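Here's the structure we're looking at; comments come further down.
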C-alpha cells in the first residue's frame with residue numbers, strides 16, 4: 001500500500017461509541033468496508049453494541065446523517081463509508097466532491113471526528129482492491145483513524161501543549 005503510514009498507536013475502543021454511516025449504493029463494496037471496520041472494532045475491544053451502523057441511499061447523503069450523529073453528543077466519532085466510481089459523466093465529480101466537502105463541514109462544525117471512508121476510484125478494480133477485507137480494506141483504516149482522532153482530541157489543548165514541552169501540571 002502506498003501513501004499511508006500505519007500508526008504505532010494501540011487503541012482501546014472499549015469506552016467508545018462510534019457510528020458507521022454507510023451508503024447502500026455499491027452495497028457489495030460498502031458491505032466489505034463495514035466488515036473491515038467491524039473487525040477492527042472487535043480487535044480493539046469495542047463493545048458490539050457501541051458500534052452503530054446507519055445506512056443511507058448513497059454517498060451524497062452521507063454528510064447530512066454524519067452531521068446529525070456528530071452533533072447529537074451520543075457518539076465519539078462518525079465514520080462515513082461509501083463508494084463512488086468514476087464514469088463517463090461529471091456525476092462522479094459532483095457526488096465525490098460534495099460528499100467530501102459536506103463530511104469535512106460536519107466534523108469542523110461539531111468538533112467530533114468525521115472520517116472520510118468513501119472510496120473514490122477510477123474503476124471497479126481499484127474499488128474492489130480497496131474494499132477487500134484481506135487486502136487494503138479502507139473501512140478498517142477509517143475506523144482506526146476515528147479511534148486515533150478520538151485519542152488526539154481527548155486531552156485539553158493546553159495539557160497537550162504542556163506535554164510537548166515536557167512539563168506537567
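The values are calculated or read from the model by the stated rules, or taken from the named source; none is laboratory data. Everything numeric in this text was worked out from a predicted model, so none of it was measured. Note: ideal-geometry Cβ built from the backbone for every residue, glycine included; neighbour counts use all protein chains shown.
Answer yes or no as to whether residue 80 is without any contact (Cβ under 8 Å) to a residue 40 or more places away in the chain and surrounded by 13 or more Cβ atoms within 10 Å (Cβ to Cβ).
no
Which condition number in (1) in contact with a helix residue (DSSP H, G or I) (Cβ under 6 Å, 6 or more places away or on another chain); (2) surrounded by fewer than 18 Cβ atoms within 10 Å (Cβ to Cβ); (3) modelled with pLDDT of 95 or more is the one that residue 86 fails?
In the conditions (1) in contact with a helix residue (DSSP H, G or I) (Cβ under 6 Å, 6 or more places away or on another chain); (2) surrounded by fewer than 18 Cβ atoms within 10 Å (Cβ to Cβ); (3) modelled with pLDDT of 95 or more, residue 86 misses (3) alone.
Going through the range 12-35 one residue at a time, which ones are closer than 19 Å to residue 124 by Cβ, in contact with a helix residue (DSSP H, G or I) (Cβ under 8 Å, 6 or more places away or on another chain) and without any contact (Cβ under 8 Å) to a residue 60 or more places away in the chain?
24, 25
Residue by residue through the range 115-129, note down the ones that are within 17 Å of residue 95 (Cβ to Cβ) and crowded, with 19+ Cβ neighbours inside 10 Å.
Selection gives 116, 117, 118, 119, 120, 121, 127.
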